[in-house]
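So the structure is just underneath, and the comments pick up after that.
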Amino acid sequence: MEIVKAEHIKKTYAQGKVTVTALAGVSFEVHGGEFMALAGPSGSGKTTLLNIIGGLDVPDSGRVSVDGQNFSELSSSALARLRLHKIGFVFQSYNLIPVLSAEENVEYIMQLQGIPARERRERARQILDEVGLKDTYKRRPAELSGGQQQRVAVARAIVSGPSIVLADEPTANLDSKTGEGLLDMMRKMNREKNVTFIFSTHDRMVMDYARRLVSIKDGLIISDVVKG
């Protein structure tokens with residue numbers, strides 16, 4: 001089933017008097033259950049594309065739809081609801097709330113969704129157990145390692161069952177062993193829960209883990225390979 005459809009996406013930015021082309025007409029589709037990476041060097045356009053898919057940025061032209069909903073036809077409030085219920089985000093810098101515990105950080109999205117407190121707590125603890133953080137419920141981000149913080153971020157992204165999880169350079173701040181453990185965990189979630197993951201990365205390890213590799217250069221897709 002088609003989860004994401006991007007059609008002829010173009011995006012430019014002004015840097016002083018210079019216009020920089022981030023995306024020069026990108027089209028592709030993502031189906032449910034994929035574990036894929038958008039790969040390319042810094043400035044290739046991969047993060048811009050990820051942000052547009054997530055509704056965090058708006059293309060100059062072209063269309064994006066998630067779960068059959070065309071972003072250009074949605075009001076700002078409807079787009080916010082779609083992001084809340086359909087898209088999970090994992091950021092390079094974790095983006096956890098410092099004053100909240102691991103459990104409360106995972107609960108946060110569910111709280112915005114209006115899920116009752118008891119159910120939120122049960123689901124948060126279950127997902128933290130699944131990502132290997134059973135003993136960290138009450139710890140705040142400052143009391144967690146980088147790898148543990150990123151696992152909390154992944155737990156928060158998937159706990160409410162979104163259609164896709166977008167992960168922007170999720171291993172960038174981790175050592176190779178910790179990054180490998182994180183990718184193993186996300187691949188397990190992909191296989192067991194059929195969570196669709198889309199990574200933005202220039203990390204070779206993430207590219208090797210991905211089952212589909214879309215390479216971007218100068219704002220264009222230069223290859224799209226599905227691995228056997």
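In this structure, residue 44 qualifies as touching a Lys or Arg at 6+ places or on another chain (Cβ under 9 Å), under 19 Å from residue 210 (Cα atoms) and buried (at least 18 other Cβ atoms within 10 Å of the Cβ). Listed by first and then second residue, the pairs linking a residue in segment 11-37 that is aliphatic (A, V, I, L, M) to a residue that is assigned to a loop (DSSP other than H, G, I, E, B), with Cβ atoms under 6 Å apart and 6 or more places separating them unless they lie on different chains, are 22/45; 22/219; 23/45; 23/219; 24/219; 36/210; 37/210. When the residues of segment 129-183 are filtered to those that are within 16 Å of the chain's Cα centre (by Cα) and acidic (Asp, Glu), the one that is farthest from residue 119 (Cα to Cα) is 169.
The residue of segment 6-43 that is nearest to residue 61 (Cα to Cα), among those that are among the aliphatic types (A, V, I, L, M) and out of contact with any helix residue (DSSP H, G or I) (no Cβ under 9 Å at 6 or more places or on another chain), is 24. Filtered by the rule that a residue be among the hydroxyl-bearing types (Ser, Thr, Tyr) and assigned to a helix (DSSP H, G or I), segment 120-144 gives a lone residue, 136. If you check 116, 59, 98, 141 for being loosely packed, with under 15 Cβ neighbours inside 10 Å and either among the aromatic types (Phe, Trp, Tyr) or touching a helix residue (DSSP H, G or I) at 6+ places or on another chain (Cβ under 6 Å) (or both), only one passes: 98.
In segment 119-139 there is no residue that is touching a residue at least 60 places away in the same chain (Cβ under 8 Å), within 26 Å of residue 54 (Cα to Cα) and touching an Asp or Glu at 6+ places or on another chain (Cβ under 7 Å).
Just one of the listed residues (128, 79) is at pLDDT below 95 and farther than 22 Å from residue 170 by Cα, and it is 79. Within segment 212-224, the presence of a residue that is buried (at least 20 other Cβ atoms within 10 Å of the Cβ), touching a helix residue (DSSP H, G or I) at 6+ places or on another chain (Cβ under 7 Å) and over 15 Å from residue 40 (Cα atoms) is excluded.
The values are calculated or read from the model by the stated rules, or taken from the named source; none is laboratory data. No experiment lies behind these values; they were computed from the predicted model shown. Please note: Cβ atoms are built from the backbone with ideal geometry, for glycine as well, and neighbour counts cover all protein chains shown.
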